Amino acid sequence: MPCRLMEKKVANNINLSRRALLAGAAAIGAAAQLTTMVAATAEDVAETVAPLDLNSLERVKVELVAPPFVHAHEQVATGAPKIVEFTLTIEEKRHEVDDGVELWAMTFNGSVPGPLMVVHEGDYVELTLINPDTNLMMHNIDFHAATGALGGAALTHVNPGEKAVLRFKATKAGVFVYHCAPEGMVPWHVTSGMNGAIMVLPRDGLRDPKGNLLTYDRVYYVGEQDFYVPKDADGNYMSYESIGDGYADTLEVMRTLLPSHVVFNGKVGALTGDNALKANVGEKVFVVHSQANRDTRPHLIGGHGDFVWQTGKFHNPPDVDQETWFIPGGAAGAAFYTFLQPGVYAYVNHNLIEAFELGAAGHFVVEGEWNDDLMTAVLAPTPI
Ligand SMILES: [Cu+2]
């Protein structure tokens, strides 16, 4: 066994002891097995794949922005494939999911969801993943857009105080989920907010079913999140002193498969009021919507999906004229719509209980001229 591999196993075992305090002894047996397997996989990859000569490629460093906004990017790629550098800093933090309801979130860059990254097919994604020593747990990242090594998760285990750099080639076009996937604790980390999405655009841009170029005036990223906040015997939501204290209770709620909250962008009302999504009549708006854990069915009340990639993969022709679209858990979808009327549009998960009772709703506020031809009040409500 190479010395480095031995050292890595020892390091992992030390880390497991630390996590035993948080995760409970039951999870540790399985976690130890998986960790050994994963460590070997990571080492194998490092030792068997020849270094790539990417020196001729241009490097671009991208500053990520918090959702629902998206960093500046080209819709049609110019030039050759690039190496696109991103940095995600992991933050374990208290997070308010609704007024007076607080949980310990695990986040990429402090937001739920993590930021949307945008590259083009054929580009290389080079991610620096930082786990500051102010955190308590080990984390990693699994990109559904990547090929091999558990989506990169096997190469990116970072303990508090460590960082790792992962590079992968974006070979599939579409919107894809990324999420944390630490052994023995995957669903806890994912349902504590540790997920986001990456958009890999075709180099020649998005196309309608006839092959015509589709460009957008605005793009928004909506990350839907199911949370499982425990309640006490009186039915009040509980909060915990530290991230580990809530683990056992939270796991119990998770195993019911009944979320206490289903929200857009981390919190009930995160996309309403002053934070509503903005657009103008005539603008082409592109909405990327991810759900890392659970199925969802986005719907724009009073509007449509002109072109929709329900499972988000751009080399499939988009569906047209959709009323509601279905995104399976563990995927991202994308919808393109030109707003034709002003007003406030609710954008919801059309499981209406999840939208209105659990929180999965946001608003678009659209400015512009009303079109009487599309709709008019022939008779305002009046006594019969
Ligand atoms: Cu994590």
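The values are calculated or read from the model by the stated rules, or taken from the named source; none is laboratory data. Keep in mind that what you see is a predicted model, and the values were worked out from it rather than measured. Here the Cβ is made from the backbone with ideal geometry for all residues, glycine too, and neighbour counts use every protein chain on show. When the accessible area is computed, the model is the full protein with side chains, heavy atoms only, and any ligands, DNA or RNA have been set aside. Shrake-Rupley method; radii C 1.70, N 1.55, O 1.52, S 1.80 Å.
How about region 113-142: which of its residues are of a type outside the set (S, T, N, Q), open to solvent by less than 10 Å² (accessible area, probe 1.4 Å) and within 14 Å of the ligand (Cβ to nearest atom)? The answer is PRO113, GLY114, LEU129, MET137, MET138, HIS139, ILE141. Which condition from (1) touching a Phe, Trp or Tyr at 6+ places or on another chain (Cβ under 8 Å); (2) open to solvent by 60 Å² or more (accessible area, probe 1.4 Å); (3) not in a loop (DSSP other than H, G, I, E, B) is the one that GLU252 breaks? Unmet for GLU252, out of (1) touching a Phe, Trp or Tyr at 6+ places or on another chain (Cβ under 8 Å); (2) open to solvent by 60 Å² or more (accessible area, probe 1.4 Å); (3) not in a loop (DSSP other than H, G, I, E, B): (1). When region 348-373 is filtered for residues that are open to solvent by 100 Å² or more (accessible area, probe 1.4 Å) and among the β-branched types (Val, Ile, Thr), only ILE353 remains. Evaluating LEU258 against the criteria (1) part of a loop (DSSP other than H, G, I, E, B); (2) within 16 Å of the ligand (Cβ to nearest atom) leaves one unmet condition, (2). Residue by residue through region 294-329, note down the ones that are open to solvent by 70 Å² or more (accessible area, probe 1.4 Å) and part of a strand (DSSP E or B). Within region 294-329, ASP321 is the sole residue that qualifies. Looking across region 99-110, not a single residue is surrounded by 24 or more Cβ atoms within 10 Å (Cβ to Cβ) and under 14 Å from GLU63 (Cβ atoms). Would you check if there is a residue in region 166-176 being touching a helix residue (DSSP H, G or I) at 6+ places or on another chain (Cβ under 8 Å), buried (at least 23 other Cβ atoms within 10 Å of the Cβ) and at pLDDT 95 or above? Looking through region 166-176, none of the residues is touching a helix residue (DSSP H, G or I) at 6+ places or on another chain (Cβ under 8 Å), buried (at least 23 other Cβ atoms within 10 Å of the Cβ) and at pLDDT 95 or above. Beta carbons closer than 8 Å, at least 6 apart along the sequence or on distinct chains, pair a first residue in region 110-135 that is on the phi > 0 side of the Ramachandran plot with a second that is open to solvent by less than 10 Å² (accessible area, probe 1.4 Å) for GLY122/ALA170. Just so you know, in region 104-118 the residues that are within 12 Å of the chain's Cα centre (by Cα) and among the aliphatic types (A, V, I, L, M) include one that is nearest to ASP226 (Cα to Cα), and it is VAL112. Taken residue by residue, region 82-91 has at least one member that is in a loop (DSSP other than H, G, I, E, B) and either of a type outside the set (A, V, I, L, M) or away from the ligand (no atom under 14 Å from the Cβ) (or both). The listed residues are ALA197, ALA173, and the only one of them that is touching a Pro at 6+ places or on another chain (Cβ under 6 Å) and closer than 19 Å to HIS120 by Cβ turns out to be ALA173. Taking the listed residues GLY305, GLY359, the one that is modelled with pLDDT of 95 or more, over 24 Å from THR191 (Cα atoms) and small (Gly, Ala, Ser) is GLY305, with no other qualifying. Remark: pairs (first residue in region 269-293, outside any strand (DSSP E or B); second residue acidic (Asp, Glu) and surrounded by fewer than 22 Cβ atoms within 10 Å (Cβ to Cβ); Cβ separation under 9 Å; 6+ apart in sequence or on different chains) = GLY269/ASP98; GLY269/ASP99; VAL281/GLU367; VAL281/GLU369; GLY282/ASP217; GLU283/ASP217. Tallying residues that are open to solvent by 40 Å² or more (accessible area, probe 1.4 Å), free of Cβ contacts under 8 Å to residues at least 60 places away in the same chain and either in a strand (DSSP E or B) or of a type in the set (Phe, Trp, Tyr) (or both) within region 330-347 yields 0.
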